[in-house]
Amino acid sequence: MLNSIGLQNPGVEFFMENDLPWLKRFDTAIIVNACGSTIDEYVELCKVLNTLDIDGVELNLSCPNVKAGCLAFGTTYEGVKEVTSQVRKVLDKPLIVKLTPNVTDITAPAKGAEDAGADGVSLINTLLGMSIDIYKRRPHLANNTGGLSGPAVKPVAVRMVYQVSKAVKIPILGLGGIITGEDAIEFMLAGAQAISIGTANFIAPDTCLKVIDGIEKYMKKCNIEDINSIVGTVEMN
Ligand SMILES: Cc1cc2nc3c(=O)[nH]c(=O)nc-3n(C[C@H](O)[C@H](O)[C@H](O)COP(=O)(O)O)c2cc1C
């Protein structure tokens, strides 16, 4: 998928009053993805999130579709460290920093997050892409470029999860193109303690159930009792 929807949303007050009570009906952890256009906005938002009955915050430092926004902080060690440490001061809940793949060296921002006290990192967000209507000779997207996700990005994501797992000690939430249990296992072997699923939900909203099923089948087939035992066990050629 190539998307350029930006980060427009009804805001944190609306979330508190409407979405959170609805989410609370389910027996599951609630991790809120948070974004701002300035460091102050991240801090103000996380002050509010800190007061809510949620299980953690994922800081989006990596959206490619917002002009002066979060990507500006997400690409360097210093940028990630600065935002994360300011947020850390006001947030007692588990803090995951979500990284952009649009960098030369993914380990630098990952270390910035770790050094600033993040509890984990998640990766990858979308890769910057472009697609052209050959008859109009214009990009398909009004924004010209967009974020690429889904199966096409999986090898990039797996490689980056592996690299980050060698560079930091905090846990990794891996994502990018996961559709099956086998995909999830690949991320775990590369070093992810947990996985997320985005784009696949647009095709099949029950993807999570199928992925869990696939993980269980793999465990049976390979005689694995504890899924945690496979994390980071890939042997390089
Ligand atoms: C339509 C769409 C909206 C997205 N919105 C967000 C967002 O608000 N915050 C964020 O951190 N990532 C966002 N992402 C990125 C995904 O969470 C994910 O990092 C990326 O798409 C790779 O995983 P996937 O291939 O499973 O989708 C979005 C992706 C898509 C396709």
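The values are calculated or read from the model by the stated rules, or taken from the named source; none is laboratory data. Keep in mind that this is a model prediction, so the values were computed, not measured. Methodologically, a virtual Cβ is constructed for each residue, glycine included, from the backbone with ideal geometry; neighbour enumeration extends over all protein chains shown.
Going by what's in this entry, would residue 11 be described as within 12 Å of the ligand (Cβ to nearest atom) and either surrounded by fewer than 19 Cβ atoms within 10 Å (Cβ to Cβ) or modelled with pLDDT of 95 or more (or both)? Considered against the rule, which asks whether it is within 12 Å of the ligand (Cβ to nearest atom) and either surrounded by fewer than 19 Cβ atoms within 10 Å (Cβ to Cβ) or modelled with pLDDT of 95 or more (or both), residue 11 comes out as no. A Cβ distance below 8 Å, combined with a sequence gap of six or more or placement on separate chains, defines the contacts here; from region 221-237, residues that are closer than 16 Å to residue 171 by Cβ reach residues that are modelled with pLDDT of 95 or more and not hydrophobic (A, V, I, L, M, F, W, C) in the pairs 228/193; 231/191; 231/193; 232/165; 232/191. Taking (1) hydrophobic (A, V, I, L, M, F, W, C); (2) modelled with pLDDT of 95 or more; (3) more than 13 Å from the chain's Cα centre (by Cα); (4) more than 22 Å from residue 193 (Cβ to Cβ) in turn, residue 73 satisfies each apart from (2). Can you confirm whether region 224-232 contains a residue that is of a type outside the set (Asp, Glu), outside any helix (DSSP H, G or I), at negative phi and crowded, with 16+ Cβ neighbours inside 10 Å? Yes, that holds for at least one residue.
Residue 169 meets the conditions (1) in contact with a helix residue (DSSP H, G or I) (Cβ under 8 Å, 6 or more places away or on another chain); (2) over 18 Å from residue 5 (Cα atoms); (3) buried (at least 22 other Cβ atoms within 10 Å of the Cβ) in every case but one. The failed one is (3). Among residues of region 148-161 that are closer than 18 Å to residue 75 by Cβ and touching a residue at least 60 places away in the same chain (Cβ under 8 Å), those with a Cβ under 7 angstrom from a residue that is within 10 Å of the ligand (Cβ to nearest atom) and among the polar types (S, T, N, Q), sequence gap 6+ or separate chain, pair up as 148/126.
Would you mind stating whether residue 198 is buried (at least 22 other Cβ atoms within 10 Å of the Cβ), under 13 Å from the mean Cα position of the chain (by Cα) and more than 24 Å from residue 82 (Cα to Cα)?
Working: buried (at least 22 other Cβ atoms within 10 Å of the Cβ): no; under 13 Å from the mean Cα position of the chain (by Cα): yes; more than 24 Å from residue 82 (Cα to Cα): yes.
Against the criterion (buried (at least 22 other Cβ atoms within 10 Å of the Cβ), under 13 Å from the mean Cα position of the chain (by Cα) and more than 24 Å from residue 82 (Cα to Cα)), residue 198 does not qualify.
Out of region 24-43, which residues are farther than 16 Å from residue 8 by Cα and either loosely packed, with under 14 Cβ neighbours inside 10 Å or in contact (Cβ under 8 Å) with a residue 60 or more places away in the chain (or both)?
Within region 24-43, 24, 25, 26, 27, 28, 29, 31, 40 qualify.
Would you mind stating whether residue 35 is within 16 Å of the ligand (Cβ to nearest atom) and touching a Phe, Trp or Tyr at 6+ places or on another chain (Cβ under 8 Å)? The answer is yes for residue 35.
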